[in-house]
Each structure stands twice: as C-alpha cells, then as structure tokens.
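Everything below concerns the one structure shown next.
Read-outs throughout are calculated quantities, based only on the coordinates presented, and are distinct from any laboratory measurement. Treat the numbers as computed from the prediction; the structure is a model and nothing was measured. Cβ coordinates were reconstructed from backbone atoms using ideal geometry, including for glycine residues, and neighbour counts include every protein chain displayed.
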Amino acid sequence: MTPAPSTIRIRNLHKVYRVGSERVHALRGVDLDIAKNEFVAIMGSSGSGKSTLMNILGCLDQPSDGVYELNGRTTHVMNSGQLAQVRNEEIGFVFQSFELLPRATALKNVMLPLIYSRRHWFSASRRAKEALVKVGLADRMSHRPNQLSGGQRQRVAVARALVNQPSLLLADEPTGNLDSKTSEEIIALFKALHAEGQTIVVVTHEEDIAGHAARIVRLRDGTILSDNPTSTDPVHQDYLRRSLDAAQYAAAATGAPA
Ligand code: ADP
Ligand code: MG
C-alpha cells in the first residue's frame, strides 16, 4: 500500500460557530502548509481549536472563511457531496473514542468504508484483512469491539482509517482513552506508517506523544502560537530536560544508577 502524494495548503482560515444568538470564533486566521510524508503533532489547551482544525482538514466540516487546498483540490468551495467524495478518497480519520460499530467484528468494521464507497466492493474483505495484518491484528479479525482491549480497538480504527489508502491520516487525540504503555504502542504504529511514507497529522495534549512527531504546531485561541521541528521546539525541549532531571533525581533518591 503506497499512499498517494499529499499536500495541505491553508490560508487565513476562519471558523465561526453559531449557537443560538452567540458566535464562537474557533479559528482566527490560520496559515499552515503540510507536505507529503510529514508527521505533524497539533497541540494546544482545551478549546484552542484543535478539533475544529482537524474536522476541516478531514473535510468533515467547512471553514467560514479562508482557503483549504488538499492535493491541489480547493475544498473550501465544495458542496457536501463533493466534500464527502474527497473525504472518502483522501482521508483516514482516527478518533479518541474509536467509533467502532459494537456489533460488528473487527473485519466488518474495517470493511465498512469500502462498502460505503463502492470502490472496492469485491476486494473489500481482502483489503480489510491486509489492513488488519498491517496493524498487528491478524489473529483478532473475528472479535467484536467488546472482546478487544482499548489498544486493540484503536488498532482496528487505524486499520479502518487506512483501508481506503488515504493520502492523509488524521488522528484527534488517538491515545486520549489509553494508558501510557498502550499509547506508546499506538504512536509506534503511527511512526511505522510514517516510515512507510504515510502523511500523518495527530492532535495530542501529551508532550511525550507529540515528541514522536517531526514537527509540532501549537494553537492558542484559534491561532497558531508556534510551528517548529520537534528537535528545536522550545517547549518540547524544556519538557525533555525536566523529564531527564526528574528521572535522575528519582534514581539518586533510590540509589539506582540513572
Ligand atoms: P479543542 O479541540 O482544541 O479542545 P475545539 O476545536 O473543539 O477545541 O473548540 C474550539 C472552540 O469552538 C471552543 O470554544 C468550543 O467550545 C467551540 N466549538 C467547538 N465545536 C463547536 C460546535 N459544534 N458548536 C459551537 N461551538 C463549538
Ligand atoms: Mg478537541
């Protein structure tokens, strides 16, 4: 499975939600470029606009103003049918809460996007099995979600996101419901996919998860606060220093070697 080229171009993006008579200005002029095969983490406190941005990136929602081009396609002018088609062809989405069908097996859950899109009707089962093998679930295809661990459920969701061979894999807090060891396993899976050429954008509020990405974009109040390679991001580098200090302090306190 070789993903197609992907390029995101966003200019002066705005999103205003209307709730009754109230207006919430969730994105306030975001500019962002993401090249093919990048692995980007989006960070920011709750309410800073991360999910709003991800939903627009994933063609689940439209901006109120501004430009969003995905692989040269101007999505911000599309109607909902055209948007759904782009979503189907270009996007794989992973959610914090997995969003699996409880009564369907892992295999059936992964087959669903293919069945809906009618693109690979006859090869749906084979493609879904390949995607499940890829995420390490060859021996869990007949299990239903409640027969799987949280990490395995999220792997099913990743397989489902990959089954259409999307050019862009988006994940909104994919480790938010997982313990730290399982989170590491899921992010390791993302790293492996990235090494194979998959373009990935992941939202997280955990610095150690973001540290696996090559670039960190930080949002605040609907604007981009900073956008740096992980290796030079000041906040992340400070986090790493503090973690190291804490580890050394703990080692000294217990007499164990650091
Ligand atoms: P984050 O994912 O960073 O926590 P969101 O993008 O979910 O932030 O939210 C950004 C802002 O937009 C918040 O103030 C939130 O309350 C508001 N918001 C998000 N979704 C909606 C919606 N569907 N309707 C109205 N307001 C919304
Ligand atoms: Mg969110």
*Along the positive direction of the dipole of the chain (beta-carbon charges: Lys, Arg +1; Asp, Glu -1; about the Cα centre), which of Ile200, Ser45, Ser117 reaches farthest?*
Ser117
*Assuming R0 = 35 Å, what is the FRET efficiency of Ala247 and Ser45, from their Cβ-Cβ distance, to the nearest 0.05?*
0.85
*Give me the percent of DSSP beta bridges within segment 8-251 that run antiparallel, rounded to the nearest 5.*
55 percent
*Can you pull the one-decimal nm distance between simple spin-label points at Arg28 and Thr7, each 7 Å off the Cα toward Cβ?*
3.1 nm
*Do the alpha carbons of any pairs in Lys15/Lys181; Lys50/Lys129; Lys36/Lys134; Lys108/Lys181; Lys129/Lys191; Lys36/Lys181 sit beyond 25 Å of each other, and which pairs?*
Lys15/Lys181; Lys50/Lys129; Lys108/Lys181; Lys36/Lys181
*Separation between the Phe122 and Thr254 pseudo-spin-labels, each 7 Å from Cα along Cα→Cβ, expressed in nm?*
6.0 nm
*Arrange the peptides 53-62, 97-106 so that the one whose residues have, on average, the most other Cβ atoms within 10 Å appears first.*
53-62, 97-106
*Taking the Cα centre of segment 1-139 as origin, work out the dipole magnitude from +1 charges on Lys and Arg Cβ and -1 charges on Asp and Glu Cβ, in debye rounded to 20.*
360 debye
*asked:* Please compute the modelled spin-label separation between Glu184 and Ser231, points set 7 Å along Cα→Cβ, answer in nm with one decimal.
replied: 2.3 nm
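How large is the helix-only mean residue ellipticity at 222 nm for the chain, computed as the sum of -39500 (n - 2.57) over DSSP H runs with n ≥ 4, divided by its residue count, in deg cm²/dmol to the nearest 500? List each step's numbers first, then the result.
Working: 8 runs with 96 residues, N = 258.
Result for the chain: -11500 deg cm²/dmol, rounded to the nearest 500.
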*Can you give the extra length, in nm with one decimal, that the chain gains between Asn37 and Ala214 once fully stretched, where that is 0.36 nm per residue apart less the Cα-Cα distance?*
62.7 nm
_What's the ranking of 80-86, 34-40, 145-151 by average number of surrounding C-beta atoms within 10 Å, highest first?_
34-40, 145-151, 80-86
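With +1 on each Lys and Arg Cβ and -1 on each Asp and Glu Cβ, how big is the dipole of the chain about its Cα centre, in debye rounded to the nearest 20?
Details: 30 positive and 26 negative charges, 209 e Å.
With Lys and Arg at +1 and Asp and Glu at -1, about 1000 debye.
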*Using packing as a proxy for protection, rank 175-186, 154-165 so that the peptide with the highest average count of other Cβ atoms within 10 Å comes first.*
154-165, 175-186
